[in-house]
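S.K.: Here it is: the structure, laid out below.
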Amino acid sequence: MRAELLTTSLLGLDREEINALVREAGEPSYRAQQIMDTVYRQRVGTLDEISTMPQEFRERLARSGVTVGAARVEKKFVSQDGTVRYLIAFADGQSVETVWMPEGDGGEAGDGSEAEDEVVSAGKNDSQSTQSAVKEMPSLRDSVPSLTASPGTAVPGFHMPPLTGLESGSSDRQLHPITSSSWAVEGDRAGRAALKGKRASSGRSTICVSSQVGCAVDCQFCLTALLGVKRNLTAGEIVGQVCAVLNDQKVSPPEDRINLVFMGMGEPFLNYENFMKAARLLVEAVGIAERRMTVSTAGIVPRIHDFGGEAIRPKLAISLNASNDALRTRLMPVNKKWSLEMLMAAARAYPLRPREWVTFEYVLLGGVNDEPENAKEAAELLRGLRCKVNLIALNPGPGIDFTTPGAERVAAFQKILREAGIPAFVRRPRGRDIYAACGQLKRTVEVATSPEPRLQSISPAPES
Ligand code: SF4
């Protein structure tokens with residue numbers, strides 16, 4: 001076997017690479033399929049478990065330094081609502097977080113196939129307005145037979161990891177905005193099932209996947225930025241997160257309907273080649289349909305253009321978070337390099353497939369980007385685009401210098417977008433009771449209860 005294959009992980013190799021490995025080992029070509037099946041479909045953890053292959057060949061691989069390269073779950077935290085946060089470790093000691101949401105992500109994912117039936121409205125009983133918003137867009141209406149404003153579903157629907165393990169010695173600031181308490185749902189059915197150790201519902205489960213250790217993009221409301229980027233994940237490490245969670249949850253695509261959102265740690269489009277290879281492996285080898293995957297970018301414009309040309313690609317979500325350049329540059333320095341004009345041009349040029357739309361994520365920061373004027377500006381930016389907007393009210397953690405807008409302000413923002421003909425949905429993150437530990441995850445195994453969000457005391461936005 002070639003030297004470069006002697007110390008490699010099978011996980012992350014594509015069919016062509018596995019074919020080469022088998023060929024150079026002098027084994028019959030069908031061994032490649034055996035490896036693909038066991039590594040990606042059965043998701044074995046060791047060479048010994050590849051029982052379809054002769055022991056002699058397995059031993060030879062092992063002697064050559066070939067491993068399966070499975071990711072290792074180092075820690076696991078279960079929320080009362082059923083969300084599970086995994087700390088997943090790699091061979092070099094680095095780790096990332098991966099999140100399992102047993103009843104989906106509340107409708108984002110940008111996965112239009114089922115997003116809207118999980119949509120939660122900001123108002124008291126807003127199912128009617130949700131319906132009317134969807135009517136604005138035939139592709140949404142066609143794909144959603146029924147809309148319910150049911151509680152208990154949610155996800156951080158923006159490009160920010162739902163939870164993050166910080167390196168020892170890093171800031172205590174909490175990374176993720178958590179849902180406003182008025183939207184918190186605890187102890188739901190999935191949560192109780194999870195806590196009882198039963199197999200969670202896999203009807204519309206979602207895994208939030210990381211693409212880098214840390215992140216270089218420096219969004220001001222995100223603690224991952226404080227880590228800087230430590231390194232890119234390999235394709236095998238990206239796929240390995242998914243395999244580890246599937247194994248732990250005892251679910252298996254395609255029989256179980258699994259959604260993926262690449263919204264964990266890191267900017268996937270700054271690790272583009274590895275991310276794309278992982279996406280292809282997840283589709284072709286693991287068996288998760290590309291329509292069930294969504295990647296979120298902070299706005300790496302050249303890669304948005306590249307991504308549109310990929311033969312296999314997840315759906316696209318863009319983390320917007322501001323309605324004008326000055327504000328966006330303040331919140332997301334990446335905007336200095338790729339302005340809103342460039343970003344929106346890329347979004348308008350993006351080659352949408354039938355029944356597909358671009359999702360824009362907008363984290364609402366009290367008194368910063370949640371004014372009626374911001375909503376009107378955002379509506380103008382998005383006018384004419386086949387898109388929807390996911391609104392997420394920030395729940396600031398310790399040290400985050402932003403506050404959470406009240407539900408009425410969120411509803412007012414949503415209303416303005418909808419009245420402008422833009423489908424807008426309010427998202428509720430899951431697993432809030434296990435979020436507080438994320439800033440200290442690598443220093444302690446304790447799970448703390450997250451603090452109540454500090455609601456902003458700004459009066460409701462006037463009706464427009
Ligand atoms: S792109 Fe921004 S929000 Fe996403 S992980 Fe990086 S710093 Fe956080």
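The values are calculated or read from the model by the stated rules, or taken from the named source; none is laboratory data. Since this is a predicted model, take the numbers as computed values, not measurements. All Cβ positions, even for glycine, are placed from backbone atoms using ideal geometry, and neighbour counts span all protein chains on display.
S.K.: Of all residues in the range 240-275, count the ones that are assigned to a helix (DSSP H, G or I), within 15 Å of the chain's Cα centre (by Cα) and within 19 Å of Cys215 (Cα to Cα).
M.R.: So the count comes out to 4.
S.K.: Note down all Cβ pairs under 7 Å where the first residue falls in the range 217-229 and is at positive phi, the second is more than 7 Å from the ligand (Cβ to nearest atom) and not hydrophobic (A, V, I, L, M, F, W, C), and they're at least six residues apart or on different chains.
M.R.: Asp218/Pro333; Gly228/Gly214
S.K.: Being more than 30 Å from Gln414 (Cβ to Cβ) and within 17 Å of the chain's Cα centre (by Cα), is that true of even one residue in the range 283-301?
M.R.: There is at least one residue in the range 283-301 that is more than 30 Å from Gln414 (Cβ to Cβ) and within 17 Å of the chain's Cα centre (by Cα).
S.K.: Looking at the range 346-371, I want the residues that are assigned by TED's automatic domain parsing to the domain that holds Met332 and free of Cβ contacts under 8 Å to residues at least 40 places away in the same chain and have a partner that is surrounded by fewer than 22 Cβ atoms within 10 Å (Cβ to Cβ) and assigned to a loop (DSSP other than H, G, I, E, B) with Cβ atoms under 6 Å, at least 6 apart or on another chain. Which pairs are those?
M.R.: These pairs meet every condition: Leu352/Arg386.
S.K.: Still on this model: What number goes with the only condition from (1) modelled with pLDDT of 95 or more; (2) among the basic types (Lys, Arg); (3) farther than 23 Å from Leu260 by Cβ that Arg43 does not pass?
M.R.: (3)
S.K.: Let me ask something else. Which residue is nearest to the ligand (Cβ to nearest atom), if the candidates are limited to the range 314-345 and must be touching a Lys or Arg at 6+ places or on another chain (Cβ under 9 Å) and either small (Gly, Ala, Ser) or not in a helix (DSSP H, G or I) (or both)?
M.R.: Checked the range 314-345; the qualifying residue nearest to the ligand (Cβ to nearest atom) is Asn321.
S.K.: In the range 216-240, what count of residues is obtained for those that are touching a Ser or Thr at 6+ places or on another chain (Cβ under 7 Å), more than 20 Å from Arg291 (Cβ to Cβ), modelled with pLDDT of 90 or more and within 16 Å of the ligand (Cβ to nearest atom)?
M.R.: 1
S.K.: Where residues in the range 276-292 are hydrophobic (A, V, I, L, M, F, W, C) and touching a Gly at 6+ places or on another chain (Cβ under 9 Å), which of them is farthest from the ligand (Cβ to nearest atom)? If you could, list the steps in order and put the result at the bottom.
M.R.: Looking only at the range 276-292, we keep the residues that are hydrophobic (A, V, I, L, M, F, W, C), and these are 276, 278-279, 281-283, 285-286, 288-289.
From what's left, touching a Gly at 6+ places or on another chain (Cβ under 9 Å): 278, 281.
Values: Ala278: 17, Leu281: 22 Å.
Top of the filtered list is Leu281.
S.K.: So, one more: Looking only at the range 331-351, filter to residues that are loosely packed, with under 14 Cβ neighbours inside 10 Å and not hydrophobic (A, V, I, L, M, F, W, C); which one of those is farthest from Pro314 (Cα to Cα)? Let's see the steps before the verdict.
M.R.: So the first thing to find is which residues in the range 331-351 are loosely packed, with under 14 Cβ neighbours inside 10 Å, and the list is 336-337, 341, 348-349, 351.
Cutting the leftovers down to not hydrophobic (A, V, I, L, M, F, W, C) gives us 336-337, 341, 348, 351.
Working: Lys336: 27, Lys337: 25, Glu341: 24, Arg348: 17, Pro351: 13 Å.
Out of the qualifying residues, it is Lys336.
S.K.: Continuing with the same structure: Limited to the range 395-437, what total is found for residues that are modelled with pLDDT of 85 or more and in a loop (DSSP other than H, G, I, E, B)?
M.R.: Counting residues in the range 395-437 that are modelled with pLDDT of 85 or more and in a loop (DSSP other than H, G, I, E, B) gives 8.
S.K.: Now for a separate question. In the range 53-70, how many residues are surrounded by fewer than 20 Cβ atoms within 10 Å (Cβ to Cβ) and either in contact with a strand residue (DSSP E or B) (Cβ under 9 Å, 6 or more places away or on another chain) or part of a loop (DSSP other than H, G, I, E, B) (or both)?
M.R.: Within the range 53-70, residues that are surrounded by fewer than 20 Cβ atoms within 10 Å (Cβ to Cβ) and either in contact with a strand residue (DSSP E or B) (Cβ under 9 Å, 6 or more places away or on another chain) or part of a loop (DSSP other than H, G, I, E, B) (or both) number 5.
S.K.: Next question, about the same structure. Give the residues of the range 296-306 that are within 16 Å of the ligand (Cβ to nearest atom) and touching a residue at least 40 places away in the same chain (Cβ under 8 Å), sorted by residue number. Before the answer, list the steps.
M.R.: Step one: list which residues in the range 296-306 are within 16 Å of the ligand (Cβ to nearest atom), which gives 296-304.
Matches in the range 296-306: Ser296, Thr297, Ala298, Gly299, Val301, Ile304.
S.K.: Same structure again: Cβ-Cβ below 7 Å, separation at least six or inter-chain, first residue in the range 70-82 and of a type in the set (A, V, I, L, M, F, W, C), second assigned to a loop (DSSP other than H, G, I, E, B): which pairs?
M.R.: Taking only residues 6 or more apart or on different chains, the pairs are Ala70/Leu11; Ala70/Gly45; Ala71/Phe90; Phe77/Val447.
S.K.: For the range 29-52, which residues satisfy the criterion of being buried (at least 17 other Cβ atoms within 10 Å of the Cβ) and more than 21 Å from Glu284 (Cα to Cα)? Working first, answer last.
M.R.: The first filter runs over the range 29-52 and keeps only residues buried (at least 17 other Cβ atoms within 10 Å of the Cβ), leaving 31-32, 34-36, 38-40, 43-45, 47, 50.
Once the filter is applied, which keeps residues that are buried (at least 17 other Cβ atoms within 10 Å of the Cβ) and more than 21 Å from Glu284 (Cα to Cα), the range 29-52 yields only Leu47.
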